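Below you'll find the structure, written out as structure tokens, and then a few comments.
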Amino acid sequence: MSGLSITKYFPFTRMKIIKQNVHHEDASSALIYIEPDMRYSPLCHECGSKAATVHSKNHIRLIRDLNMANAQVFLQVRDRKIWCNNCRGVRVEWMSFADAGQRVTNRLARYIHGLCKMLTVKDVAEHLDIDHPAVRAFARQLRYFEYGIINHADYPIGTSMLEGINNKINVIKRKAYGFHDDRYFILKVKQAYAA
Ligand SMILES: [Zn+2]
């Protein structure tokens, strides 16, 4: 059996590659099927908290990724919607490689962003065979968020942990209908985070 594997080209955490199909004789497009890795519980894309329950699953999303050789690569992702106790609502599960609702992977977005600095939007659209107005809208959106996106790619940290801690402290406060004694309140907060 061949030891060749393409999985290393898709180092997406919490997901696994199920299968791949290469289309057309000249291998001009490829479809990679991706599913959540069941060993991990899903996270909320908005606040990063662990999901309380899975609300619904098997939502198919088609996401364009970087080309491989001559092939345009599309990821067919099966994602889940979750109930998040922190946001108090149904949210899409967090994925490391594409933001919720985005039709391109983060790494392709970064590539497009780089190209738009050197080429016209029309050239980029033709080069990647992407609909021209779509690239222009996307480039405009990227330019607007440029500083934050690049920072996030270099330092992937968020405020999710902080939001979670804040929420938990609020719950402690609400449960006791407020505390007279600040010292005791601080002790209760510390107790909640004791290992
Ligand atoms: Zn949330």
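The values are calculated or read from the model by the stated rules, or taken from the named source; none is laboratory data. Nothing here was measured: the structure is a model prediction, and the numbers come from that model. We place every Cβ from the backbone using ideal geometry, glycine too, and count neighbours over all the protein chains shown.
A search for C-beta distances below 7 Å between a residue of region 34-54 that is within 12 Å of Arg88 (Cα to Cα) and any residue that is loosely packed, with under 14 Cβ neighbours inside 10 Å and among the acidic types (Asp, Glu), counting only pairs 6+ apart in sequence or on different chains, returns nothing. Enumerate the pairs (first residue in region 1-16 and within 21 Å of Arg78 (Cβ to Cβ) and of a type outside the set (A, V, I, L, M); second residue anywhere and modelled with pLDDT of 85 or more and assigned to a loop (DSSP other than H, G, I, E, B)) with beta-carbon separation below 6 Å, excluding pairs fewer than 6 apart on the same chain, so at least 6 apart or on different chains. Cβ pairs passing all conditions: Phe12/Ser96; Phe12/Phe97; Thr13/Ser96; Arg14/Asp37; Arg14/Tyr40; Lys16/Asp37. From Ile130, Ile172, Ile157, grab the single residue that is among the β-branched types (Val, Ile, Thr), over 20 Å from Trp94 (Cβ atoms) and free of Cβ contacts under 8 Å to residues at least 40 places away in the same chain. Being among the β-branched types (Val, Ile, Thr), over 20 Å from Trp94 (Cβ atoms) and free of Cβ contacts under 8 Å to residues at least 40 places away in the same chain holds for just one of Ile130, Ile172, Ile157, which is Ile172.
Look at (1) more than 16 Å from the ligand (Cβ to nearest atom); (2) closer than 30 Å to Gly164 by Cα; (3) charged (D, E, K, R) and you find that Lys8 fails only one, number (2).
Among the residues of region 47-66, write down those that are buried (at least 17 other Cβ atoms within 10 Å of the Cβ) and either more than 16 Å from the ligand (Cβ to nearest atom) or not in a loop (DSSP other than H, G, I, E, B) (or both).
His55, Arg61, Ile63, Arg64, Asp65, listed by residue number.
Could you grab me the full set of residues in region 67-85 that are within 16 Å of the ligand (Cβ to nearest atom) and either assigned by TED's automatic domain parsing to the domain that holds Leu108 or at pLDDT 90 or above (or both)? Result: Arg80, Lys81, Ile82, Trp83, Cys84, Asn85.
Filtered by the rule that a residue be among the small types (Gly, Ala, Ser) and within 16 Å of the ligand (Cβ to nearest atom), region 28-46 gives a lone residue, Ser41. Residues in region 29-46 that are touching a Pro at 6+ places or on another chain (Cβ under 9 Å) and either more than 17 Å from Phe10 (Cα to Cα) or assigned to a loop (DSSP other than H, G, I, E, B) (or both): Pro42 only. For region 86-124, name all the residues that are within 26 Å of Ile17 (Cα to Cα) and either touching a Gly at 6+ places or on another chain (Cβ under 6 Å) or within 16 Å of the ligand (Cβ to nearest atom) (or both). Correct list: Val90, Arg91, Val92, Glu93, Trp94, Met95, Asp99, Ala100, Gly101.
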